[in-house]
Number of protein chains: 4
Amino acid sequence: MTLLTRETSGVFAIAPTPFDDDGAVDFDSLGRLVDFYESVGVAGLTLLGQLGEAPKLSHDEASRIVGYVLDRTVLPIVVGVSAPGYAAMRALTTEVMSAGAAGVMVAPPNILRTDNQIADYYQGVAAAVGETVPLVVQDYPLSFSVVMTPSIIARIARAVPGFVMLKHEDWPGLEKISALRHLEAAGDMPRLSILCGNGGLFLDFETERGADGAMTGYCVPELLVDVVAHAAAGRREESHDIFDAHLPLLRYEQQPGIGLAVRKYVMKRRGLLTSDAQRTPRSVLSGQARSEIDYLLHRLAERDGRISLID
Amino acid sequence: MTLLTRETSGVFAIAPTPFDDDGAVDFDSLGRLVDFYESVGVAGLTLLGQLGEAPKLSHDEASRIVGYVLDRTVLPIVVGVSAPGYAAMRALTTEVMSAGAAGVMVAPPNILRTDNQIADYYQGVAAAVGETVPLVVQDYPLSFSVVMTPSIIARIARAVPGFVMLKHEDWPGLEKISALRHLEAAGDMPRLSILCGNGGLFLDFETERGADGAMTGYCVPELLVDVVAHAAAGRREESHDIFDAHLPLLRYEQQPGIGLAVRKYVMKRRGLLTSDAQRTPRSVLSGQARSEIDYLLHRLAERDGRISLID
Amino acid sequence: MTLLTRETSGVFAIAPTPFDDDGAVDFDSLGRLVDFYESVGVAGLTLLGQLGEAPKLSHDEASRIVGYVLDRTVLPIVVGVSAPGYAAMRALTTEVMSAGAAGVMVAPPNILRTDNQIADYYQGVAAAVGETVPLVVQDYPLSFSVVMTPSIIARIARAVPGFVMLKHEDWPGLEKISALRHLEAAGDMPRLSILCGNGGLFLDFETERGADGAMTGYCVPELLVDVVAHAAAGRREESHDIFDAHLPLLRYEQQPGIGLAVRKYVMKRRGLLTSDAQRTPRSVLSGQARSEIDYLLHRLAERDGRISLID
Amino acid sequence: MTLLTRETSGVFAIAPTPFDDDGAVDFDSLGRLVDFYESVGVAGLTLLGQLGEAPKLSHDEASRIVGYVLDRTVLPIVVGVSAPGYAAMRALTTEVMSAGAAGVMVAPPNILRTDNQIADYYQGVAAAVGETVPLVVQDYPLSFSVVMTPSIIARIARAVPGFVMLKHEDWPGLEKISALRHLEAAGDMPRLSILCGNGGLFLDFETERGADGAMTGYCVPELLVDVVAHAAAGRREESHDIFDAHLPLLRYEQQPGIGLAVRKYVMKRRGLLTSDAQRTPRSVLSGQARSEIDYLLHRLAERDGRISLID
C-alpha cells in the first residue's frame, strides 16, 4: 500500500463519476477510465472530491466506487472525506484507509473565517482521522470562501504531522506557491507536496513556481502530465508550447456550472465514457456548445496528434 | 399514518440530537424529549433538519433516530431529506415515508439564484420524491442565500401538488405571510400551511399575519404552543404578554453559532437531556454565558411558573 | 474641541438623515433631533455611517450636515469616512477634523479576509488619516463579511496609536468583549473604548461584559442611556427591567431592510421628524406594519412613561 | 454628440486611470492613452466603471477626467454612474450627459436577489436618469452577486426605452447571448447592443453567438478590435488564430486582485503609461510576476508583430 508523502509529485487525476443514461453508476466506463489514466502516466487518482458528482452518490455507491478503483489499479488513491462532523470523517477515513487508500483530503467548511478558526479546524481533523494518515488540505477560496494565508498553512503544517500535501487552487495563487517554498527554505515549515487544481489554468507557471504537479480533472490529462514532465526537466519552451495549444479548450472547460458537462462530453468523444449523462440536478450542453467544443477539439488535434475522437 | 395537509397547524418542534459525553447518540434522552414534547402539546416533530447536528450523524444513526421516534410517538414527523442529488433524496424519502413519516422537508441548495432556477429545482424535487408525498419547502434566505418571492412560492405551489407546507423563516418576513395569504384569497395559489422558524423571534406577529404555527427549536416549546393557541383564540394581549416574558431568553438563544449550545444547556437544566454535549466541531459556552442564561431563566421563572430547573 | 479617548463612555446616537417629502434634507428636523439627543443625555453623535442613508447624500449635502450639527451642539461628533481609496479618506478626515469632529470611523472593505489583510488595511488607514486623529474601527461581520478576532483587534490596537474606540457589532459578540478586556488586563493591548451596535439587541449583557456604552440608532435612545447608566451604577435588575420592556420594539426595529423605516416612523410619531420619508431606493412600511408598531408603542408606554406620541 | 444606440458595435475600451508615482492623476498619460485607443480603432471608451480605480478618485478628479477625455476625442464615451441613491445618480448623469457623454452605465447593487427586485431597481434608474438617456446595464454576477436571467433582461428592455446596451459579463455566458438574440428574434424584446466583458476571456465565441463587440480593458486592445472585425466578416479561423495567440496573456491578466497591476505594467512597457502606480490600497506585482509577464509578451511578440515594448 503506497502512502502519500511530502515528496509525492506528478498528476493526480480527478476522475468524473460515469453514469449510464438511466443514472446508474457505469462501472465498465469507470474501469476504462482507470486504465486510461494509468496508460497516460498519471501518478495517482483522486476520488469523492467536493465538486463533481460525488455528493450525488449514496454511501453504498461511493464505497463500491472506491473499492472498485482500489482493486483495479496500483496507483495511489486519494479519497475526499470532508464531512460536517468529525465522527463521520473518522469513520470514512478508517474505511478507505483500511481498504488501501493513499491518503484522505479534507476541504474547509465555509463557515471558517479567521486564522485561528482554520488552524483549530485542521487540528481537529488530524485528531479525527489519526496522526499517521496522510492528509491533503484543499485550499480553494473561490469555492469554499475560506482564505488561507501562507502563514496559516505553515502553522497547520507545523502542528499536524500527517499534513503532507496541499491541493492548491487559490486564484490568483502563483505568489502563494513561492511564499510557501520560501517558508520551507527558511525552516519555518516542513516541506509539503503541492499539487495544483483550478482545472490547470495556471499550471504552466505553477510548475515554475515550485509546484510538484497537478490534481485536477482536465479532459485531456496527457497535457497535465506533459507540462509537469517538461517543467521538471527544465524544458520551458516545450512546456508552454503544449500548454498554450490546450489553453483554448482548457479555458472552455473552466466555465463554472457547465465545466463537468464539457469534461464528460469530451471524454465520451474520446471513447472513455459510454455516456456523458449526469445525475440530476445538472447542467446540459446546448447543440451550439457541443459544436464549439468540437471546433476546439478539431483545432487542438492539429497541434496535438494524440487527440483522436469517436463520432 | 398521519400525513401533513394544507391545514396542518400548531407547533412542530425541532428536536436537538442528544449525545452522551462520549459523543454517542443518547436514546434515553431522546425518548424523554419525545415524551416531553407530547406532554406540552406540540402538533408534531421535525427531524434531520439542515441546521443543528443532523449532518454530523452517520447514515445509520440518522435512520435509527427516525425509526426510534416513529416508534415512540403517534405525533406526525417531518424528516429533512435535502441532498445534493435527486437520487439520494428519493432514496431517503422512500425510506422514511414507508417507515411512517408525515412528510419530507427540502431546503434549496445555495447555488440557486433566479426565480426560474428555484421553480425548476422544486419541480425536480417533486419528481424525485413522488407527487403524493407531502413536501415542506424551507424558505430561509439568511442561511441558504436563496430568496423566494411570494410569487415564486405561489408558482411552485401551483406546479407541485405535494407542496402543502412552507417553513417560513425569511427575515423580515411578516409582509411575506400577508402576501401569501392575499394570493391564496385571490385564487392565485392553493392554500399552504405556514409554520414559522427563526427561533420564534417574530411569532407574536407572525400568528397575527396568518401563520398556522411554528416549526422551530426554542428551548421552552411551551411558549410556542401558548402563542399559537392564544392567537388562534384571538387573545392578543395574553399572546404578547407571555411572548414578551420569554423574549429576553428567546433572543439570547437566537445568537448564530452558539444558539444550539444555549438550547442544549437549558434543556439539560430542565432535566430533559442528560448531557448538553455536542459532536465536534462545536461551539462551547463560557462560564459567564452559562451564568447569563441562568439569570435569564431565573427572571423568566418569576413570570412563567412552568420553568423549573434541575441544579 | 473634544476628541475621543480610550475612556470615552456612554451612548453615541446614530442619527437618521431627515428628508422632507420631496427628498430634500430637512435641516429643521435635524436641528430638532440634535436638541433631542442632547436633552436625553447622549454622550455624542455619529454621522455618515456606512448604513442608513448617508451613501445617498451628495458630497455637498454630507458636508453641510456635518457642519450644521457641529454648529448646533457641543457634543463630540464621530464621522464615518470609509472610502475605497486612502486618498479620499484622508481628504474627508482633514475636512471634518478641522471643522471640529471628535474622531473618524472606518469600516473594513468586504474584500478583506485574512488577519494580515485586516491589520495591513488599518495600518494604511492610520497612515492616511494621520496618527493623531482618533480612529473608530467598525467591527460588523454580518454586514461587512470581515471577521476580526480579539487577537487581530489587539494587534491593530498595538500598531495604531490613534485607534481608541471599537464600534462592536459582532454577533454573537459577548465573548469578544470579555476576551478584549482580558487582553487589556494582561497587558497585551492598550485599553479601547468599546461602544456596541446591533441596534442594542444585547446591550443588557454587553454592558455587564465590560462595554463602555452603545453606538447605535434605536428610536428610543433614552433606553440606551438608561441601560448604560444602570450598568455603570451596578443596578442589574433595573437595567434588565427597562431593557426587557423595550425589547419587543427594539427587536422589531432590528429587521434587516425595514429597520430604518421603523426608526423614522417612530421618530415621526414622537414629533422629532416632520416626515419619515427616505430617499429612493427604499423600503416602505405597510399599513399593517405601522399598526404593529403602534401596538408595540402602546404596550411600551404602559411600562415607560416617557413615551408620548403625536397623532 | 453621439449617443449609444441599439446597434452600437465594436470595442469600448475601459481605460485604467493613470497616476504618477506620487498618486496624482497623470493627465499626460491619459491623453496618450486616449490617442492610442483612437489609433487602434476602438469604437468608444468607458470611464468610471465599478471596478478599477474610479472609486479611489475624488468627485472633482472624476469630473476633470471625464471632461478631459470628452475634450480630447470624438469617440463616444460611456460613464459609470452607479450610486447608492437615485438622487446622486441623477446628478451625475445630468452632469456627464450635458458635458457630451454618449450614455451612462449602472451596475446592480448587490442586495438585489429576486427578478422583481431587479426589474424594479432598473425602472427606478430609468426614472432617475431620464427616459431619453441611453442606459447600459452591467450584468456581472461574479462581482455583484446579482443574477439576471434572459427573461428578466427582456422584461427590463421592454419596460425601459432608454436601455439600449447590455454589458455582458456573466460567466458562463455564451448561452445567455444566444437566448437574448432568440428572444429578440421572437419579438419578445427590443434589440440590445451586447458588448462583452470578463477581460475578453470568451470573446472568440461570444462574437459568434451574436455579441456586437467588447467592453473591457485588456492591455492589448488591438486583439479585441481584431476579433470583433474578423467575426463580423465571417473569418472564423483568423479570429481564433489571433485570439489563441493572446489567450495566455489575456488569461494571466484575468487574475482577480492583480489583474489591474498586470494591465498597468504592460501598458507602461508599451509606452502608454509613464508609471504603473496604483492608488492605495492596492496589489503589487512581485519581480517574478513581472518576469512572467515579460515572458508572455516575448512569446506573444513572435506571433503578433504589433507588440513592441519599451525597456
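Only the coordinates and a few stated rules stand behind these numbers; no lab work does. Everything numeric in this text was worked out from a predicted model, so none of it was measured. Note that each Cβ is placed from the backbone with ideal geometry, even for glycine, and that neighbours are counted across all protein chains shown.
For the range D:7-138, take the alpha-carbon Rg, divide it by the Kirkwood Rh, and send me Rg/Rh. Don't jump to the answer; show the numbers that get you there.
Working: Rg = 15.1 Å, Rh = 15.5 Å.
Rg/Rh: 0.98.
Mean shadow of the protein assembly as shown, computed from the convex hull of its alpha carbons, in nm²? Intermediate values should be presented prior to the final figure.
On the way: hull surface 179.8 nm².
The directionally averaged projection comes out at 45.0 nm².
When each copy gets a label point 7 Å from Cα toward the beta-carbon at B:Ala159, what are the spacings between them in nm, shortest first?
2.1, 4.6, 5.1
In nm, give the distance between the simple-model label positions of A:His298 and B:Ala186, each being 7 Å from the Cα along the Cα-to-Cβ direction.
Taking the two extended label points, one gets 5.2 nm.
Give, as a single signed number, the net charge of other residues whose beta carbon lies under 9 Å from the beta carbon of A:Leu192, with Lys and Arg counted +1 and Asp and Glu -1.
Details: positive: A:Arg6, A:Arg191; negative: A:Glu184, A:Asp212.
Once positives and negatives cancel, what remains is 0.
Under 12 Å from the Cβ of B:Val42, count the other residues' Cβ atoms, weight Lys and Arg +1, Asp and Glu -1, and hand me the total. Each step should come with its number before you reach the end.
Working: positive: none; negative: B:Asp35, B:Glu38, B:Glu222, B:Asp226.
Once all neighbours under 12 Å are counted, the net charge is -4.
For A:Lys56, list the aspartates and glutamates whose Cα falls under 15 Å from its own Cα; do not include residues on the same chain fewer than 8 positions away.
Qualifying aspartates and glutamates at Cα under 15 Å: A:Asp20, A:Asp22, A:Asp26.
May I ask you to evaluate 6.51 cos²θ - 1.76 cosθ + 1.60, the Karplus curve with θ = phi - 60°, for each residue of the range D:154-167 and list the ³J(HN,Hα) values in order in whole Hz, giving x for glycine and proline?
4, 5, 5, 4, 6, 8, 10, x, x, 6, 10, 9, 10, 8
Among C:Asp204, C:Asp212, C:Asp71, which one shows the biggest mean-square fluctuation in a GNM of chain C, springs joining Cα atoms closer than 10 Å?
Fluctuation is largest for C:Asp71.
What percent antiparallel are the DSSP beta bridges of the range D:10-244, to the nearest 5?
Numbers: 1 of 28 bridges.
The antiparallel proportion sits near 5 percent.
What average number of partner chain Cβ atoms lie no more than 10 Å from the Cβ of the residues making up D:82-88? Please report the intermediate quantities before stating the final value.
Values: counts 0, 3, 7, 12, 6, 9, 7.
Across D:82-88, the average partner-chain Cβ count within 10 Å equals 6.
Taking a quarter of the surface of the Cα convex hull of the range B:10-244, what do you get in nm²?
Details: hull surface 50.0 nm².
Average projection, Cα convex hull of the range B:10-244: 12.5 nm².
Nearest the rotation axis from B to C, which residue of chain B has its beta carbon, and at what whole-angstrom distance?
Output: B:Leu247, 3.
Pick from A:Ala119, A:Ala88, A:Ala214: which residue has the top mean-square fluctuation in a GNM of chain A where Cα pairs under 10 Å get a spring?
Highest fluctuation of the listed residues: A:Ala88.
Which value, in debye to the nearest 20, gives the size of the charge dipole of the range C:10-244 about its Cα centre, when Lys and Arg are +1 and Asp and Glu are -1 at the Cβ?
Numbers: 15 positive and 31 negative charges, 195 e Å.
Roughly 940 debye, rounded to the nearest 20.
Among B:Arg269, B:Arg113, B:Arg279, determine the one that fluctuates most according to a GNM of chain B built with springs between C-alpha atoms less than 10 Å apart.
B:Arg113
Lysines within cross-link reach of A:Lys176: Cα-Cα under 20 Å, excluding same-chain residues under 8 positions apart?
A:Lys167
Count the DSSP beta bridges whose two residues both fall in the protein assembly as shown, then state the antiparallel fraction as a percent rounded to the nearest 5.
Values: 4 of 112 bridges.
Counting only bridges with both partners in the protein assembly as shown, antiparallel ones make up about 5 percent.
List, shortest first and in nm to one decimal, how far the label point of D:His59 (7 Å from Cα along Cα→Cβ) is from its counterparts in the other copies.
0.6, 6.3, 6.3
Could you work out the local net charge near D:Glu222, counting Lys and Arg as +1, Asp and Glu as -1, over the other residues with Cβ closer than 11 Å to its Cβ? Could you put the intermediate results ahead of the total?
Numbers: positive: D:Arg270, D:Arg306; negative: D:Asp226, D:Asp304.
In short, 0.
Which value in deg cm²/dmol, rounded to the nearest 500, describes the helix-derived mean residue ellipticity at 222 nm for chain D, given -39,500 (n - 2.57) per DSSP H run of n ≥ 4 and division by the residue count?
Values: 12 runs with 146 residues, N = 311.
For chain D, the value works out to -14500 deg cm²/dmol.
Please work out the Cα convex hull volume for the range C:208-311 and give it in Å³ per residue. Please report the intermediate quantities before stating the final value.
Values: hull volume 11.4 nm³, N = 104.
Residue-normalised Cα hull volume stands at 109 Å³.
Copy-to-copy spacing for A:Leu142, label 7 Å out on the Cα-to-C-beta vector, in nm, shortest first?
From this label point to the equivalent ones elsewhere in the assembly: 0.6, 3.2, 3.2 nm.
What nm value, rounded to one decimal, do you get for the distance between C:Asp21 and B:Ser9 when each label is placed 7 Å out toward the C-beta?
That separation, rounded to one decimal, is 4.1 nm.
What residues from the range A:23-41 fall in the zone where the backbone N is under 19 Å from a label point 7 Å along the Cα-to-C-beta line of A:Ser308?
Flagged as within label range: A:32-41.
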